[in-house]
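For reference, the structure discussed in these notes is given below.
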Amino acid sequence: MKVDAVVPAKIVREFNAPRQLVFDAWTQVKHLNNWMFPMPGCKCEFASADIIDGGKSLHKITMPNGNEMWLLTRYKEVLPPERLVFLQYFSNEAGDVLPMPHISNWPKDMLATLHFEEIATDRTKLTFLWEPRNANADELAAFESTRSDHGKGWGAGMDQLQHYIETIVK
C-alpha cells in the first residue's frame, strides 16, 4: 500500500545572515563542505555537484571514527534565494541507491523542502520540511517511529550550519 499523506518533520531556524548567503550555503560546494554533516569532527567531500533544477550531487560524510556514509541528492527545484527542493538517498560511491544501513525499512525516497525567508536585511528564517515519498505502510511506520530523533540528524546539521555561518559573517 502506498501512503500519500504524511505530516513532514519540520525544523525552523533563524540565521544572522542575508537570505542569499544562507541559500548559497545550501547550494555551493565551497560552503557545503564546511557544514553538511551531523557533528563536529566529521568531514564532507563532494564527488560531484550539479545543484540546479534536475541536477544531482554525490557526497561522502566521514565520521570522526572513520566510518563513511555516501549520499545521492537529486534536485527538483532550485529557486534562488527562496526555495530548494531535493530528494536524498543513501548510496555508495558510484551513486547507486542503497537501503539505509541501520533501519532496513526506512523510506527510500526522502523529500526535503526548504523555504528561505528574509526577516531583515541580515536575518533569514529557514523552514525545513522532510518527508517520505512513495512510502509503503512499513516505511511510513519507520519514519514515524524515529520522529522524536529527526532533530538529531538534520537538526544537528543545522547546528553545524549555524556555526559555519557565524564564522563567515562579519
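The values are calculated or read from the model by the stated rules, or taken from the named source; none is laboratory data. All figures in this text were calculated on a predicted structure; none of them were measured in a lab. No Cβ is skipped: glycine too gets one built from the backbone with ideal geometry, and neighbour counts run over all protein chains shown.
When Gly95, Gly66, Gly54 are checked against the criterion of being surrounded by 13 or more Cβ atoms within 10 Å (Cβ to Cβ), at positive phi, of a type outside the set (S, T, N, Q) and not in a strand (DSSP E or B), Gly95 stands alone in meeting it. Of everything in the stretch 75-84 that is buried (at least 17 other Cβ atoms within 10 Å of the Cβ) and not hydroxyl-bearing (Ser, Thr, Tyr), the residue that is farthest from His102 (Cα to Cα) is Pro81. Scanning the stretch 119-138 for residues that are in contact with a strand residue (DSSP E or B) (Cβ under 6 Å, 6 or more places away or on another chain) and of a type in the set (Asp, Glu) yields a count of 1. Is the stretch 67-87 home to any residue that is out of contact with any helix residue (DSSP H, G or I) (no Cβ under 6 Å at 6 or more places or on another chain), within 18 Å of Tyr164 (Cβ to Cβ) and not hydrophobic (A, V, I, L, M, F, W, C)? No, the stretch 67-87 contains no residue that is out of contact with any helix residue (DSSP H, G or I) (no Cβ under 6 Å at 6 or more places or on another chain), within 18 Å of Tyr164 (Cβ to Cβ) and not hydrophobic (A, V, I, L, M, F, W, C). Checking the structure you have, find out if any residue of the stretch 70-87 is in a strand (DSSP E or B), at pLDDT 95 or above and among the polar types (S, T, N, Q). Scanning the stretch 70-87 turns up at least one residue that is in a strand (DSSP E or B), at pLDDT 95 or above and among the polar types (S, T, N, Q). For the stretch 1-51, the tally of residues that are among the small types (Gly, Ala, Ser), in a loop (DSSP other than H, G, I, E, B) and buried (at least 18 other Cβ atoms within 10 Å of the Cβ) stands at 1. Residues in the stretch 100-152 that are part of a strand (DSSP E or B), free of Cβ contacts under 8 Å to residues at least 24 places away in the same chain and farther than 18 Å from Leu72 by Cα: Ala120 alone. So which residues in the stretch 150-168 are within 18 Å of Thr27 (Cβ to Cβ) and within 15 Å of the chain's Cα centre (by Cα)? Trp154, Gly157, Met158, Gln160, Leu161, Gln162 - these are the residues of the stretch 150-168 that are within 18 Å of Thr27 (Cβ to Cβ) and within 15 Å of the chain's Cα centre (by Cα). Among the residues of the stretch 157-170, just one is assigned to a helix (DSSP H, G or I), of a type in the set (A, V, I, L, M, F, W, C) and surrounded by fewer than 15 Cβ atoms within 10 Å (Cβ to Cβ), namely Ile168.
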